[in-house]
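J.: This is the structure I want to talk about, given as structure tokens.
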Amino acid sequence: MRTRAIVVVVAVVIMAVALVYSQRRKAPPQVSGFIEADEIRIGSRVGGRVARVAVEEGQRVKPREVVLELEPFDLRERASEAEAELQAKRADLQRLQAGFRPEEIAQARAKAEQAAARLLMLKNGPRPQEIAAAEARLKQAHAQLDLANATLDRVKKSFEASAASALEMDQAAEAQKTAAAAVTASAADLDLLKAGTRAEEIAQAEAAVREADAAAKLAENGYRKEDIEAAEASVAAAESALAAFKQQIDELVVKAPVEGTVEAVELRKGDLVAANAPALSIMDTSHLWVRAYLPENHLDVAVGQKMQVRVDSFPGRTFGAHVSFVARQAEFTPNNVQTPEERSKQVFRVKVDLDEGLDVLRAGMAADVLIGQEKSK
């Protein structure tokens, strides 16, 4: 009986010690907050009419997965026009870079030689043979004029004797006038040949030679560097215009930027979406954190420090986390801090990133951050 009493006394003592320890032991400090996640509002930079909505609310999406498609309207036609314009400018650039063809250079050189030959001919003047031929033509014209004068005199006498008709008289007079005019023209041609080429004609021929030589050198040297650079700039501008149209066409298909959950879809086929306006939202569940506020007397935490997070939805379970941000400025600070009690009301915002539980935790859950408590291994 005595032994039994000793056991009972020892048990009572142990229970009393445990009760005192449990009452005196302080629970680890903790702060409460809410789990948050990035909400990404996506849309199109071009806007337009909805052709297809590929997702529903609550649907999980992967990066680059199509969520929305818009009608192209006239973008593809304008892109085709820009591409044709680019091809034309590229062809013009290639023509300038290649320069003139050998046939064009030979043609320009031949024209220059022709101009030089004509100038030489004008400077040399008429040849003696040409002057002799002109003198011979003048003598021939005089002979024809003498014959016409004799014929006219004979017909005139016959006409006066009523032996010739008035028609014959008119024909003889006309022949005489024609022969006289031929003599005048032949004499003028001979005078021009003897006078030689005028100075104005030689100056004109010299200018033509210079122009033809310049054209030949231009063909031989090719196009100027400035012309080629201007053509290259035109090609670059056309390429940029085409790339802009292609980017706009790509914007017709809206894709998920990250893996997450579709939160809100209020679009139907045929709706109009404004450019640069949010069309739907995706919650990025790959990165969850708890926003909480630490009092000043518990501000002995540092970025990177390990923590534990507890939520009501999973009692008895904690999730590993780490501090990613500690505010440098207090919030809810009284205007005039006088006592230690008032100073304790200062709080600093902290951000605790969750390292575990991303598959079960959700944004909006209430969470407790156990300060200074690492997850047990």
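J.: For ALA133, state whether it is hydrophobic (A, V, I, L, M, F, W, C), in contact with a Phe, Trp or Tyr (Cβ under 6 Å, 6 or more places away or on another chain) and at pLDDT 85 or above.
T.: Working: hydrophobic (A, V, I, L, M, F, W, C): yes; in contact with a Phe, Trp or Tyr (Cβ under 6 Å, 6 or more places away or on another chain): no; at pLDDT 85 or above: yes.
The answer is no for ALA133.
J.: Answer with yes or no whether ARG64 is in the same structural domain as HIS287 (by TED's automatic domain parsing) and either assigned to a helix (DSSP H, G or I) or charged (D, E, K, R) (or both). Working first, answer last.
T.: Working: in the same structural domain as HIS287 (by TED's automatic domain parsing): yes; either assigned to a helix (DSSP H, G or I) or charged (D, E, K, R) (or both): yes.
Criteria met by ARG64.
J.: What number of residues in the stretch 179-195 are of a type outside the set (A, V, I, L, M, F, W, C) and surrounded by fewer than 14 Cβ atoms within 10 Å (Cβ to Cβ)?
T.: Counting residues in the stretch 179-195 that are of a type outside the set (A, V, I, L, M, F, W, C) and surrounded by fewer than 14 Cβ atoms within 10 Å (Cβ to Cβ) gives 3.
Yes/no matrix, rows are residues, columns are (1) aromatic (Phe, Trp, Tyr); (2) assigned to a helix (DSSP H, G or I); (3) touching a residue at least 40 places away in the same chain (Cβ under 8 Å):
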{"site": "TYR223", "(1), (2), (3)": "yes, no, yes"}
{"site": "ILE228", "(1), (2), (3)": "no, yes, yes"}
{"site": "ALA231", "(1), (2), (3)": "no, yes, yes"}
{"site": "SER234", "(1), (2), (3)": "no, yes, yes"}
{"site": "ALA241", "(1), (2), (3)": "no, yes, yes"}
{"site": "LYS246", "(1), (2), (3)": "no, yes, yes"}
{"site": "VAL254", "(1), (2), (3)": "no, no, yes"}
{"site": "PRO257", "(1), (2), (3)": "no, no, yes"}
{"site": "GLU263", "(1), (2), (3)": "no, no, yes"}
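J.: Would you be able to say whether some residue in the stretch 184-207 is at pLDDT below 85, in a helix (DSSP H, G or I), of a type in the set (Gly, Ala, Ser) and over 60 Å from the mean Cα position of the chain (by Cα)?
T.: Yes, because at least one residue in the stretch 184-207 is at pLDDT below 85, in a helix (DSSP H, G or I), of a type in the set (Gly, Ala, Ser) and over 60 Å from the mean Cα position of the chain (by Cα).
J.: Restricting attention to the stretch 289-333, report how many residues are assigned to a loop (DSSP other than H, G, I, E, B) and touching a Ser or Thr at 6+ places or on another chain (Cβ under 9 Å). First the steps, then the outcome.
T.: So the first thing to find is which residues in the stretch 289-333 are assigned to a loop (DSSP other than H, G, I, E, B), and the list is 299-305, 312-317, 327-330, 332-333.
Retained after the next criterion (residues that are touching a Ser or Thr at 6+ places or on another chain (Cβ under 9 Å)): 303-304.
Total satisfying the criteria: 2.
J.: Which one of these is farther than 17 Å from LEU218 by Cα and either assigned by TED's automatic domain parsing to the domain that holds LEU242 or acidic (Asp, Glu) (or both): ALA116, ALA91?
T.: ALA91
Listed here are the residues, each with its yes/no results for (1) farther than 16 Å from GLU36 by Cα; (2) at pLDDT 90 or above; (3) under 52 Å from the mean Cα position of the chain (by Cα).
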site: PRO295; (1), (2), (3): yes, no, no
site: GLY304; (1), (2), (3): yes, yes, yes
site: SER324; (1), (2), (3): no, yes, yes
site: LYS351; (1), (2), (3): no, yes, yes
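J.: Quick check on this structure: which one of ARG109, ARG154 is out of contact with any Phe, Trp or Tyr (no Cβ under 7 Å at 6 or more places or on another chain) and in contact (Cβ under 8 Å) with a residue 60 or more places away in the chain? First the steps, then the outcome.
T.: Details: ARG154 fails: in contact (Cβ under 8 Å) with a residue 60 or more places away in the chain.
Unique residue meeting the criteria: ARG109.
J.: Consider LYS217 carefully, then state whether it is outside any helix (DSSP H, G or I) and among the charged types (D, E, K, R).
T.: Values: outside any helix (DSSP H, G or I): no; among the charged types (D, E, K, R): yes.
No; evaluated as a whole, the condition is false for this residue.
J.: Does at least one position in the stretch 288-296 carry a residue that is touching a His at 6+ places or on another chain (Cβ under 9 Å) and farther than 17 Å from ALA366 by Cβ? Walk me through it before giving the result.
T.: To start, the set of residues in the stretch 288-296 that are touching a His at 6+ places or on another chain (Cβ under 9 Å) comprises none.
No.
J.: How many residues does the stretch 112-130 contain that are free of Cβ contacts under 8 Å to residues at least 60 places away in the same chain and either buried (at least 17 other Cβ atoms within 10 Å of the Cβ) or in contact with a Ser or Thr (Cβ under 9 Å, 6 or more places away or on another chain) (or both)?
T.: Result for the stretch 112-130: 2.
J.: Follow-up. Which of (1) surrounded by 15 or more Cβ atoms within 10 Å (Cβ to Cβ); (2) touching a residue at least 12 places away in the same chain (Cβ under 8 Å); (3) under 30 Å from LEU192 (Cα atoms) is the odd one out, the single condition ALA133 does not satisfy?
T.: With respect to (1) surrounded by 15 or more Cβ atoms within 10 Å (Cβ to Cβ); (2) touching a residue at least 12 places away in the same chain (Cβ under 8 Å); (3) under 30 Å from LEU192 (Cα atoms), ALA133 is out only on (2).
J.: Let me ask you something else. Determine whether the stretch 42-58 contains at least one residue that is within 23 Å of the chain's Cα centre (by Cα), surrounded by 13 or more Cβ atoms within 10 Å (Cβ to Cβ) and of a type in the set (A, V, I, L, M).
T.: Initial filter on the stretch 42-58 (within 23 Å of the chain's Cα centre (by Cα)): 43-48.
If we keep only those that are surrounded by 13 or more Cβ atoms within 10 Å (Cβ to Cβ) too, we end up with 43-44, 46-48.
If we keep only those that are of a type in the set (A, V, I, L, M) too, we end up with 46.
There is at least one residue in the stretch 42-58 that is within 23 Å of the chain's Cα centre (by Cα), surrounded by 13 or more Cβ atoms within 10 Å (Cβ to Cβ) and of a type in the set (A, V, I, L, M).
The values are calculated or read from the model by the stated rules, or taken from the named source; none is laboratory data. Model, not experiment: these values are computed from the prediction. Neighbour counts run over all protein chains shown; Cβ positions are idealised from the backbone, glycine included.
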